[in-house]
Structure formats: C-alpha cells, structure tokens
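Rule-based calculations on the coordinates, nothing more; no lab input. Computed from a prediction, not measured in an experiment: that's the story for all the values here. Please note: Cβ atoms are built from the backbone with ideal geometry, for glycine as well, and neighbour counts cover all protein chains shown.
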Amino acid sequence: MTRQPRGFKFLEHTADVYIAAYGRNMPEAFENAAYAMFETMTNIRDVKPVVQEDVEVEGRDEKELLYNWLEELLIRFDINGRLYSKFHVEEVKKMPQGYRLKAQIYGEEFDPSRHSQKVGVKAVTYHRMEIEKKAEGVTLKFILDI
C-alpha cells in the first residue's frame, strides 16, 4: 500500500472524483476521506481550524457509515457555508443495529478572498465504494459527484 503525505490519493475517473483514503485503522481512514473531500473543493491548508463542531453519524454497515459521514460534512458546508480542515474521528464503533462514528471537525466560514475554489462537490455516491481492511491498514475508495 503506497502511503500519500496526507493519507489519500486521487484515482483515475472520467467525470467525477475517485478517491482512495488510507489509514492505519478505520478512524484514521475516515479522517483522510474527509480531508480528501475538502481538498477536492479547496486548498485546505488555507482553511483555519477556528470553529469546532461535534459530529455523530450512524450506518447499517461500514459503507453506509462512510457515505453518511461524508454526506454530513457536505451538508454542513452547504447549509453553514463552512469549510473544514481538521478532523478527529474519536470512534468508529460496531453497535447492535450497525455502526456509529463520533468525531470533532474544525474549520471556518468560507471566504472567497482566501479560499480558492477548485470544484464543487454535488454529492457522495455509493458507486464503486469499497472498504478494504488488511493487517497494514484500511483503504476506503469512493466517488464524489462533481
């Protein structure tokens, strides 16, 4: 498994953005998936982590949990106009009814004078979504509709 500096890489896809996010474990891979989504939208190094928010999402399985995590972040961007640049996934936990993720996210209001706009992410998709767990770590693959 080739490790990228931030823990994700962009894969080849004809029309959308195809991402592989890596981590030593599920929480780290979920963090890197969030970094990748926001890096698709802007240069996250320009986003100051000044506002903290708590996030909790659930899913029937790990794919639904990944989808719900990214969708929740995208909805917060769309509704609150806030970009995020720091993610701390506290837990990814198996529950009787599925999985739960608890996290803290950090960011600031979108400021077009400081935050470059790359491409708009319309939606997260299940298309070609994969979760691969091996002894050396976790790889999450997903497509963002742009």
How do the pairs read when you match residues in segment 104-124 that are farther than 20 Å from TYR67 by Cα with residues anywhere that are charged (D, E, K, R) and surrounded by 13 or more Cβ atoms within 10 Å (Cβ to Cβ), using Cβ under 6 Å and keeping only pairs 6 or more apart or on different chains? GLY107/ARG82; GLU108/LYS48; GLU109/ARG82; ARG114/ASP46; HIS115/ASP46
Within segment 134-143, can one find any residue that is in contact (Cβ under 8 Å) with a residue 24 or more places away in the chain and basic (Lys, Arg)? yes
Mind counting the residues in segment 63-83 that are in contact (Cβ under 8 Å) with a residue 60 or more places away in the chain and either within 14 Å of GLU31 (Cα to Cα) or in contact with a helix residue (DSSP H, G or I) (Cβ under 7 Å, 6 or more places away or on another chain) (or both)? 3
Please specify each residue of segment 38-67 satisfying the condition of being in a strand (DSSP E or B), under 23 Å from LYS133 (Cβ atoms) and among the hydrophobic types (A, V, I, L, M, F, W, C). VAL55, VAL57
Do we find that VAL121 is under 17 Å from TYR22 (Cβ atoms) and under 13 Å from the mean Cα position of the chain (by Cα) in this structure? no
Mind listing whichever residues of segment 108-143 are of a type in the set (Val, Ile, Thr) and surrounded by 13 or more Cβ atoms within 10 Å (Cβ to Cβ)? VAL121, VAL124, THR125, ILE131, VAL138, THR139, ILE143
Sole residue being among the basic types (Lys, Arg) and under 15 Å from the mean Cα position of the chain (by Cα), chosen from LYS48, LYS94, LYS9: LYS9
Check whether at least one residue in segment 20-37 is over 14 Å from the mean Cα position of the chain (by Cα), part of a strand (DSSP E or B) and surrounded by 20 or more Cβ atoms within 10 Å (Cβ to Cβ), and report yes or no. no
